[in-house]
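Here's the structure we're looking at; comments come further down.
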Number of protein chains: 2
Amino acid sequence: MHLAAFVTAGPGRPGGWRYPDSVPGWLGAEYYQNIARTLEDGRFDLAFFADILSVPDRFGSSTDSQLRNGALGSLRLDPLHVLTSMGAVTKHLGLAATVSTTYAQPFTVARSFATLDHLTAGRAAWNVVTSFQESEARNFNRDEQFPREKRYERADEFLEVAGKLWDSWEDDALVLDAQAPLFAEPSKVHAIDHKGEWFTVQGPLNVPRPPQGYPVVIQAGASAKGKDFAARWSDVIFCSHASLESAQDFYREIKERAAAHGRDPRQVKILPSIAPVVGPTTEVARQTADLLFDLVPPLGGLSTLAYHLDVDLSTFPLDERLPDVEVPGVEGHYREVREITEREGLTLRELGKQYGGRVEGGFVGTGADVADGLEQWFTEGACDGFMVQAPYQPGGFEDFTRQVVPELQKRGLFRTEYEGATLRENLGLHRSEAGEWSNRAPKQPSAAK
Amino acid sequence: MHLAAFVTAGPGRPGGWRYPDSVPGWLGAEYYQNIARTLEDGRFDLAFFADILSVPDRFGSSTDSQLRNGALGSLRLDPLHVLTSMGAVTKHLGLAATVSTTYAQPFTVARSFATLDHLTAGRAAWNVVTSFQESEARNFNRDEQFPREKRYERADEFLEVAGKLWDSWEDDALVLDAQAPLFAEPSKVHAIDHKGEWFTVQGPLNVPRPPQGYPVVIQAGASAKGKDFAARWSDVIFCSHASLESAQDFYREIKERAAAHGRDPRQVKILPSIAPVVGPTTEVARQTADLLFDLVPPLGGLSTLAYHLDVDLSTFPLDERLPDVEVPGVEGHYREVREITEREGLTLRELGKQYGGRVEGGFVGTGADVADGLEQWFTEGACDGFMVQAPYQPGGFEDFTRQVVPELQKRGLFRTEYEGATLRENLGLHRSEAGEWSNRAPKQPSAAK
């Protein structure tokens, strides 16, 4: 079983920042370094940071609700710097940052992750997103964003170029012969001369090939387009499921898609997101979950949901049910919301609270209770491990590490020591050979912009 | 007197990587963290990283000479990550990274430095460059670069937008009242709605105002355009001078230009670059300097010079003098090269070695000898301090810290303890008020692209 931690470089889950034990140290390096030490003590595979390139304004076309409620994206440090800080105090923990292919350049991003991978001796991971908020487009010289189809086309080419740049130094190109002198062997460092629809990049990169070959690639794709992209490129896929059955279906589908792309399905790890609440007794855990639920400002939950669905929920009556809507945003979250709304007959206000305080998979209880749930999902073909959210930061990670991890270890489900030298090795993934990604890029040339 | 260290995230000065004491650990975080500790022990104001967005190919239109000789830019990690690693093991040392305004976006860069400034409690600095190599343009979708005039226009607007983004959260916008709840006061977080010739950025930033207001801004502008830009925007200016007189002229000119922009000239610190070689005796220092000189591969020096001048020097006969040439690159370096060539009657091959192994200002000797030289430059109106290059990394910084710094301290020229809590305070610079940069931006709208 693999464990990733979904850490937030700002206030975490809606209301979590109001929890009495929550330490509002999001602006300082020590806060993240302490989390990193906790996770490494717990033998987590990696720490993961989502990202957003704006303060979302999808609720009432204003950032007010987001800011007032400390809802998702109200404050977000640049995750790459946060990761580097965490890397400085750990030796094994993988370090995953989200970077958008829509608002960055391949040379910059390939270099950034190559640097992180070198500095941390092979622990870098890249969560690839295409961004889907108009407010993000408006911070990057555009009135509106590219349509999803175009964003994924760009992402395919972006990854192809990044792979070429990482391959531009052969593994043994750096010689360092002071006598000769021969610093690097010029015949083993190659221009890439990429000319595509979206990018023209000469190369080579000015950083030698990363220790892992390529950093680990993570993706969360819930749309058909997203799932296909994830199955093509990802080493790790994370997802969100309200039930075991829905997780099992997704697991089967992705593994099949990966095989259809000619990949070994075991080389694609699927980690559903969970937000377990752990306590010394089942009763205490339930009370904690209730308290956390009470702390969720309904409008904070709703503005987070508005962001995820990319729908201005302020235009619907708060005390009626959310009608069926067209969702340009994350389809997986909408599916989940429809399930909850229908099952529990919630008004929009109640849905906001429910969504903000939801505990995917329903893992609330003692360490043994939660381990039972995780064991079931893991052994019944729903996942290869979990993306663990803390209901409140940093305490939630400490609770999980102290109470759930030892249970999983006792059952032989989870490592007691890191197996490998790099993140890829800990995840059971092979080191990427040069040229591997060129084979994964879509064969037909992408359509003109 | 202020001291900055010119650290290289890769092999440093030409030939330095061949020095027996040189530790080729440029790819790991510990290498930089050890340098950071040394510099903080020596009470340096800051560590500074230059940057290049390509492996230069200005010598013979090929990266071969650069790579073979370990010349400038052959290998360069992303300096921002390196800095964050160094910040994790220090408390006072300022952290300066070079980021180009030509190949990045203001939202990304403003957020990146705001994050670094928060994580390090006010120690971030940005060296603003506009990039001048065709090879860099070709890594970012262009066949050729923008002309210098356009690059500086873009840079002016880039800094204006960055300033607006840092100001987009008022200093007291983050409230964190868990009871209310009020995470941030929406009326104190502002969209910037910038619409210019180069950038359209809605804002606000998703990071609160940096501890320093704005990070410290550094610039090295030797052209008329560059000097004007530096006098307008920079807190720190670094430069390169072969003689005291030339440094004094530059010092006077920049201070006058700053005053002409309505700025207090004392709020602009000028740091000439030096590469002192220190030894226990004058004789040992001279022998070390000779050895370092011997280690410079002439073609390594020449390909570094070809980069700086942006001139393909492979087209001139190696055993004749360099004729007068048109120099699109760094004018200051060309001035220096003409001086050396004429004074010493060098062939191009000899010039390559001389340029690669040059010791600006001629500071070679015991700690006391070098301190004499620095004292003279400092007290005779040539500078506010120095940008110290290590002739070889990391030993050169250790030598300087052990042998020169105590001499400077004994003479009352340099601090024995850090005075301030932030880099700005240590440099004697005021904290930037919101809106300060809007007043510095050129008044007339920039010409159309």
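Within 10 Å of the Cβ of each residue in A:30-36, the mean number of Cβ atoms contributed by other protein chains is 1.
Can you give the mean number of other chain Cβ atoms that lie within 10 Å of the Cβ atoms in peptide A:132-144?
Numbers: counts 0, 0, 1, 4, 2, 2, 7, 17, 8, 9, 1, 2, 0.
Across A:132-144, the average partner-chain Cβ count within 10 Å equals 4.
What separates the B:GLY25 label point from its copies, with the point 7 Å along Cα to Cβ, is 2.7 nm, written shortest first.
Averaging Cα coordinates gives a centre for segment A:172-214 and one for segment B:1-48; these two points are 23 Å apart.
Counting neighbouring beta carbons within 10 Å and listing from fewest to most, the residues A:PHE59, B:PHE140 come out as B:PHE140, A:PHE59. When you count the other C-beta atoms within 10 angstrom of each residue and take the mean per peptide, B:189-195, B:123-129, A:164-170 line up highest first as B:123-129, A:164-170, B:189-195.
Tell me the mean residue ellipticity at 222 nm calculated for chain A from its helices only (DSSP H runs of n ≥ 4, each -39500 (n - 2.57), averaged over every residue, nearest 500). Kindly include the intermediate steps, with their values, before the conclusion.
On the way: 17 runs with 175 residues, N = 449.
Per the formula, -11500 deg cm²/dmol.
Each eigenvalue of the Cα gyration tensor of segment A:25-74, multiplied by 5 and square-rooted, gives one semi-axis; in descending order these are 30, 12, 8 Å.
Paramagnetic label reach from A:ALA224 (point 7 Å along Cα→Cβ; backbone nitrogen cut-off under 17 Å): within segment A:145-183, residues A:148-153. Note on segment A:333-410: semi-axes of the ellipsoid equivalent to its C-alpha gyration tensor, largest first and rounded to whole Å, are 26, 16, 10.
Across segment B:13-27, coupling constants 3J(HN,Hα) worked out from phi with the 6.51/-1.76/1.60 Karplus curve, θ = phi - 60°, read 5, x, x, x, 5, 8, 5, x, 7, 6, 9, x, x, 4, 8 Hz, and Gly and Pro carry x. Working from label points 7 Å from Cα in the Cα-to-Cβ sense, the B:GLU425 to A:GLU283 distance is 5.1 nm. Between segment A:218-256 and segment B:341-370, the C-alpha centres lie 61 angstrom from each other. Take B:GLY420, move 7 Å from Cα toward the beta carbon, and the resulting point lies 4.6 nm from the same point in each other copy, nearest first.
Among DSSP beta bridges lying fully in chain B, give the percent that are antiparallel, nearest 5.
Values: 6 of 38 bridges.
Among the beta bridges of chain B, antiparallel pairing accounts for roughly 15 percent.
Each copy carries a label point for B:GLU245 at 7 Å from Cα toward Cβ; from one copy, the others' points are 9.0 nm away, ordered from shortest.
Between A:GLU144 and B:GLU320, the modelled label-to-label distance comes to 6.3 nm, taking each label 7 Å out from Cα in the direction of the beta carbon.
Go through B:93-103, B:421-431, A:76-86 and give me the packing order, highest mean Cβ count within 10 Å leading.
Most protected by this proxy first, the peptides run A:76-86, B:93-103, B:421-431.
Across A:GLU331, A:GLU350, A:GLU197, mean-square fluctuation computed from a Gaussian network of chain A (C-alpha pairs under 10 Å connected) peaks at A:GLU197.
For the pair segment B:53-98 and segment B:142-171, the centres of their Cα atoms are 22 angstrom apart.
If neighbour count is taken as other Cβ atoms inside 10 Å, put A:CYS239, B:CYS383 in order from fewest to most.
Numbers: A:CYS239 23, B:CYS383 28.
Ranked by crowding around the Cβ, least crowded first: A:CYS239, B:CYS383.
Computed over chain A, relative contact order equals 23 percent, with contacts defined as Cα pairs under 8 Å that lie 6+ residues apart. Once backbone amide H atoms are built at 1.01 Å from N, A:ALA47 has A:ALA5, A:GLY94, A:LEU95, A:ALA96 as its partners under 5 Å, excluding neighbours fewer than 5 places away on the same chain.
With a 10 Å cut-off around each Cβ of A:165-173, the average count of Cβ atoms from other chains is 1. Phi angles across segment A:166-173 convert, under the Karplus curve 6.51 cos²θ - 1.76 cosθ + 1.60 with θ = phi - 60°, into 3J(HN,Hα) values of 5, 7, 5, 9, 5, 4, 10, 6 Hz, Gly and Pro given as x.
Between the amide H of A:THR366 and those of A:GLY279, A:THR282, distances stay under 5 Å, these residues lying 5 or more places away or on another chain, with hydrogens modeled in the peptide plane. Projected onto their three principal axes, the Cα atoms of chain A cover extents of 73, 51, 42 Å, largest first.
Which percentage, to the nearest 5, of the DSSP beta bridges contained in the protein assembly as shown is antiparallel?
Working: 12 of 76 bridges.
The answer is about 15 percent antiparallel.
Taking amide H as placed 1.01 Å from N in the peptide plane, A:LEU182 has its amide H under 5 Å from the amide H of A:ASP177, each at least 5 places away in sequence or on another chain.
Rg/Rh for segment B:283-357 stands at 0.99; both radii use Cα atoms, and Rh follows the Kirkwood definition. With θ taken as phi - 60° and the Karplus curve 6.51 cos²θ - 1.76 cosθ + 1.60 applied, the whole-hertz 3J(HN,Hα) list for segment B:377-393 is 4, 5, 7, 9, x, 9, 5, 9, x, 9, 9, 8, 8, 8, x, 8, 9 Hz, x standing for glycine and proline.
In the protein assembly as shown, if the dipole is taken from +1 on Lys/Arg beta carbons and -1 on Asp/Glu beta carbons about the Cα centre, which of B:GLY262, A:ALA125, A:TYR355 is farthest to the positive end? Selected residue: B:GLY262.
Computed over Cα pairs, the Kirkwood radius of segment A:1-149 leads via Stokes-Einstein (0.890 mPa s, 25 °C) to a diffusion coefficient of 150 µm² per second. When each of the peptides B:212-219, A:409-416 is scored by the mean number of other C-beta atoms lying within 10 Å of its residues, the order from highest to lowest reads B:212-219, A:409-416. Annotation: the residues A:ILE35, B:ILE254, sorted from fewest to most other C-beta atoms within 10 Å of their own C-beta, follow the order B:ILE254, A:ILE35.
For the pair A:LEU413/A:GLU30, report the inter-label distance in nm, with labels modelled 7 Å from Cα in the Cβ direction. So the label points at A:LEU413 and A:GLU30 sit 3.6 nm apart.
Every number here is computed from the coordinates shown, using simple stated rules; none is lab data. As the structure is a prediction and not an experimental result, all values here were calculated from the model. Cβ: placed from backbone, ideal geometry, glycine included. Neighbour counts: every protein chain shown.
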